[in-house]
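S.K.: So that we are looking at the same thing, I have put the structure below in C-alpha cells.
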Amino acid sequence: MTAVLAPGTTRTTSKQALGVHFSGLGRSFGAAGSRRAVLRDVSVEVEPGEILAILGTSGCGKSTLLRAAAGLDVPDSGEVLIDGTPVSGIDERCAVAFQEPRLLPWHTLQANVAIGLPKSSSASAGKAKVLELLKLVGLDAFAKHRPREVSGGMAQRTSLARALARNPGVLLLDEPFGALDALTRIRMQDLLLDIHSAQPTTVLLVTHDVDEALQLADRILVLGRDDDGHDDGREGSTITELVTVPGARPRDRNSADLGALRSSLLSLLGVTGH
Amino acid sequence: MSSEVGQRAVPISRAELAAIGSPVTAEDAVGQGDVPAGFGRGARSTTGRRIGIILLGLIVPALLLLGWHLSTASGFFKPSQLPSPTSVLAAAVDLVDRGQLATHILISTQRVVLGFLIGSVLGVVAGAVLGLSRVADILLTPTVGALRAVPSLAWVPLLVLWIGINEDSKVTLITIGAFFPVFTTLYLGLRHVDRNLVEAARAFGVNGLRLLTTVQLPAVVPALFSGLRLALAQSWLFLVAAELIASSMGLGFLLVDSQQNGRVDRILLAIILLAIIGKTTDALLGIAERWAVRRWA
C-alpha cells in the first residue's frame, strides 16, 4: 500500500483539516405527540486532524450525529460548527462515506468518484485527481468498470475515493467497513490510516466495532443512555464516555492497555464478561 | 435498485473462487480476492442461444398454422366460417395486385408511430414534472388520475366533433392511449428512485437539474421502457378502435369493410398482419430496451 502513496502525490492537493464543534446537539424523530428523542445535549470539540470514533449500540443516534455534521439532517436543538462556522445545509467542507457504497450503477467507478469533485474544479484537473484517487485506493485498473462488476470491498473503496475527491476538511465515515468481510475490513482500516497520514483531514468514524475504534481512533466517544441508576425521565442518547486511546498507531491488538480499555468500552455498550 | 446486494453477490463469489488458485501480487494487497474474474464469459454464445430461442418460439405458431390447414382441408370448417391459409394468402396477393395492401399497412403504421411518439413525449414530460415537483403533484395528480379513469374510447365522440373525421382525430386518440402508460410508469418510477442514491448525490452537492440528469432519470430508464412497450401495445389497440369507427384506409378499415362484404379471408389477413406488425414493432422497442437497460441499469 505504501508504494501507491508516494510522497507529494496527494499531500499537495490536501486542504487543511478543520475542527468540528458539536454544541448542545439534540434531535427527536416521529410525529408530533409521539416524538422520541434520539440525541440530547451532545457537546464535544473535535480537533483538526483528529480521528474520532463514535461508538454506540445500534439505534443510539451515531448516524444522526454524523448526518448533522454533513448537513444531511437538521438538529432540533444546538448546532454543529465546522472551523467556527455553523453547518446549514449540505456542507462543502465535509464528505461522507456511507455504510453502503451508494454508487450510481450506470456510471463507471471513475465517473462515480468524479461526483465527489468540488464544483470549482476544472475538467482536466478533476480527471487527474480522480485517477490519482483511484490509484490511491488501488483501483486504477478498474476505472472503467461498473459498480456491479466489482466486489463489495472495491465498491466501498470507490465510495471512499469519492469522499476524498471532495478534498474534505472533515471526512465523515458512517460505518463504512461494517458490511465487509473481516479480511477486507482490516485492509480498509489500514488504507484509511495510510490516507489519513497522507491527507491529514479530520475524521469522524461511526462504528459499532470496539476493536476498529481502538485501532483507528485518537479518541473514542461513546453514545448511550445516561441512566446511572436514577431515572431522570429524559430519553435519548448522550455522551457517556470520551476516552483517549493510548499508544501510537499502528497499535498492538493484544496489548494489556487496549485490553482493559476494550473491556470497559464493551461493558459501557452493555456487553460484560469479555 | 433494491436488488443491489443481490446483483453484487455473483461477482464476489466468482472472484473468490478465482482467487484460490492465483498468487497474490503486491498491487493486489488491498484488492486481492475481489477481481471480478470470469466476468463477461460466455458472451460469444449468446447470439446462438438467442437464435435458438427465437426458433423455439416459432414452434407454436407453426403448429397453429398446421392445425388451421388440416381443419380446413379436412372440411371440418366451411370456407365461409374459416377460410384456408392458402385462400388468406391469395387474398393478400389480390390486395397487393390492386395496390391496396401496402396503403393499408403504411397508413396504419404511420398513425401508430405518430400517436405513439407524441403520446410518449407528452407522457415523459408530464411524468417528470409530476414525479419531481411536489407542488405540481399536489395540484395536478387528482386531475390526471380522473382523466386516466375515463375509458379512452369515451373521447371518440368528442374528438370527432372537435377535430372531425380525419388523420388528426385518429392520431389524437392514439396519443391519448400512448400517453398514460408512459406517464404512469415514469411518475411512479421517479417516486421510487433509491433514496440512498439521491441522498448520496445530494451529500456531494448534486441538486436540481443535475440531480435529475445524473441520478433520477437514469434510475427510471428500465421502468420508462416498460411504460413505452405498454404504450406501443395501447397505440395499436387504439389504432384499430379509431379505424373501426371512421376511416377509409388502414387495417382497421380493412376489418370493417371485409365484415360488411363477408370476406372472412380478408378479416383473417388483417388480424394476422396486426399480429405480425405489432409483434415486430414491440421487438424493435425490446432491442432498444435491452440496450438501454445494459447502459443504465
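The values are calculated or read from the model by the stated rules, or taken from the named source; none is laboratory data. Just so we're clear, the structure is a prediction, and the values are computed from it rather than from any experiment. Ideal geometry is used to build each Cβ from the backbone, glycine not excepted, and the neighbour counts take in all protein chains shown. Just the protein is used for accessible areas: all its heavy atoms, side chains included, with ligands, DNA and RNA removed. Shrake-Rupley method; radii C 1.70, N 1.55, O 1.52, S 1.80 Å.
S.K.: Are any residues in the stretch A:74-95 within 14 Å of chain B (Cβ to nearest Cβ) and open to solvent by less than 10 Å² (accessible area, probe 1.4 Å), and if so, which ones?
M.R.: The answer is A:C94, A:A95.
S.K.: Are there any pairs with C-beta distances below 7 angstrom linking a residue in the stretch B:188-215 that is over 18 Å from B:L130 (Cα atoms) to a residue that is among the acidic types (D, E) and at pLDDT below 90, with the two at least 6 apart or on different chains, and if so which?
M.R.: Close Cβ pairs (under 7 Å, with a partner that is among the acidic types (D, E) and at pLDDT below 90) amount to B:G205/A:E92.
S.K.: For residues in the stretch A:200-211 being buried (at least 22 other Cβ atoms within 10 Å of the Cβ) and in contact with a helix residue (DSSP H, G or I) (Cβ under 9 Å, 6 or more places away or on another chain), which is farthest from A:L133 (Cα to Cα)?
M.R.: A:V210
S.K.: Assigned by TED's automatic domain parsing to the domain that holds B:I105, in contact with a Gly (Cβ under 7 Å, 6 or more places away or on another chain) and modelled with pLDDT of 95 or more: is that true of B:A231 in this structure?
M.R.: yes
S.K.: For the stretch A:27-46, how many residues meet the condition of being among the hydroxyl-bearing types (S, T, Y) and surrounded by 15 or more Cβ atoms within 10 Å (Cβ to Cβ)?
M.R.: Of the residues in that region, 1 qualify.
S.K.: Here's another thing I want to ask about it. From B:L217, B:L173, which residue is of a type in the set (A, V, I, L, M), surrounded by 18 or more Cβ atoms within 10 Å (Cβ to Cβ) and within 12 Å of chain A (Cβ to nearest Cβ)?
M.R.: The conditions single out B:L217.
S.K.: Does A:G49 meet the test of being touching a helix residue (DSSP H, G or I) at 6+ places or on another chain (Cβ under 9 Å), surrounded by fewer than 22 Cβ atoms within 10 Å (Cβ to Cβ) and closer than 21 Å to A:T207 by Cβ?
M.R.: yes
S.K.: Output the residues belonging to the stretch B:99-122 that are open to solvent by 70 Å² or more (accessible area, probe 1.4 Å) and polar (S, T, N, Q).
M.R.: Within the stretch B:99-122, B:Q100, B:Q110 meet the criteria.
S.K.: Might you check whether a residue that is within 14 Å of another protein chain (Cβ to nearest Cβ) and touching a Ser or Thr at 6+ places or on another chain (Cβ under 9 Å) occurs anywhere in the stretch A:46-63?
M.R.: No, there is no match, as no residue in the stretch A:46-63 is within 14 Å of another protein chain (Cβ to nearest Cβ) and touching a Ser or Thr at 6+ places or on another chain (Cβ under 9 Å).
S.K.: So is B:R229 part of a helix (DSSP H, G or I) and open to solvent by 30 Å² or more (accessible area, probe 1.4 Å) or not?
M.R.: Judged against the criteria, B:R229 is a match.
S.K.: Right, here's the next one. Among the residues in the stretch A:62-80, are any over 28 Å from A:L221 (Cα atoms), touching a helix residue (DSSP H, G or I) at 6+ places or on another chain (Cβ under 9 Å) and not aromatic (F, W, Y)?
M.R.: No: zero hits.
S.K.: For residues in the stretch A:100-130 being over 22 Å from the mean Cα position of the chain (by Cα) and within 10 Å of another protein chain (Cβ to nearest Cβ), which is most open to solvent (accessible area, probe 1.4 Å)?
M.R.: That would be A:K119.
S.K.: Could you tell me which numbered condition B:G205 fails, if it satisfies all but one of (1) more than 14 Å from chain A (Cβ to nearest Cβ); (2) in a loop (DSSP other than H, G, I, E, B)?
M.R.: Result: B:G205 fails condition (1) only.
S.K.: Go through the residues of the stretch B:157-168 one by one and say whether even a single one is part of a helix (DSSP H, G or I), within 25 Å of the chain's Cα centre (by Cα) and more than 14 Å from every other protein chain (Cβ to nearest Cβ).
M.R.: Yes, that holds for at least one residue.
S.K.: Right, something else. Out of A:G71, A:G138, report the one residue that is within 12 Å of chain B (Cβ to nearest Cβ) and closer than 23 Å to B:E199 by Cβ.
M.R.: After ruling out the rest, the residue left standing is A:G71.
S.K.: Regarding the stretch A:210-231, can at least one residue be identified that is within 28 Å of A:L39 (Cα to Cα), under 14 Å from the mean Cα position of the chain (by Cα) and of a type in the set (K, R)?
M.R.: yes
S.K.: Within the group A:P176, A:P168, which residue is away from chain B (no Cβ under 12 Å) and not in a helix (DSSP H, G or I)?
M.R.: The unique qualifying residue is A:P176.
S.K.: I'd like the residue in the stretch B:200-214 that is under 17 Å from A:P168 (Cβ atoms) and of a type outside the set (A, V, I, L, M, F, W, C) and, out of all such residues, is most open to solvent (accessible area, probe 1.4 Å).
M.R.: B:R202
S.K.: Quick check: is even one residue across the stretch A:142-152 over 14 Å from the mean Cα position of the chain (by Cα), away from chain B (no Cβ under 11 Å) and on the phi < 0 side of the Ramachandran plot?
M.R.: yes
S.K.: Check B:G262, B:G278, B:G252, B:G286 and return the single one that is small (G, A, S), surrounded by fewer than 16 Cβ atoms within 10 Å (Cβ to Cβ) and on the phi < 0 side of the Ramachandran plot.
M.R.: Result of the check over B:G262, B:G278, B:G252, B:G286: B:G286.
S.K.: Could you please tell me which pairs satisfy a Cβ distance under 8 Å, a separation of 6+ or placement on different chains, a first residue in the stretch B:64-82 that is farther than 14 Å from B:D265 by Cα and among the polar types (S, T, N, Q), and a second residue that is open to solvent by 90 Å² or more (accessible area, probe 1.4 Å) and in a loop (DSSP other than H, G, I, E, B)?
M.R.: Pairs found: none.
S.K.: Also, I was wondering about something else. Looking at (1) of a type in the set (D, E, K, R); (2) open to solvent by 60 Å² or more (accessible area, probe 1.4 Å); (3) away from chain A (no Cβ under 14 Å), which one does B:D257 not meet, given that it meets all the others?
M.R.: Unmet condition: (2).
S.K.: For the structure I just gave you, tell me whether B:F183 is touching a helix residue (DSSP H, G or I) at 6+ places or on another chain (Cβ under 8 Å) and either assigned to a loop (DSSP other than H, G, I, E, B) or open to solvent by 30 Å² or more (accessible area, probe 1.4 Å) (or both).
M.R.: Criteria not met by B:F183.
S.K.: I've got another one for you. Residues in the stretch B:40-62: is at least one touching a Ser or Thr at 6+ places or on another chain (Cβ under 8 Å), on the phi > 0 side of the Ramachandran plot, at pLDDT below 90 and open to solvent by less than 50 Å² (accessible area, probe 1.4 Å)?
M.R.: no
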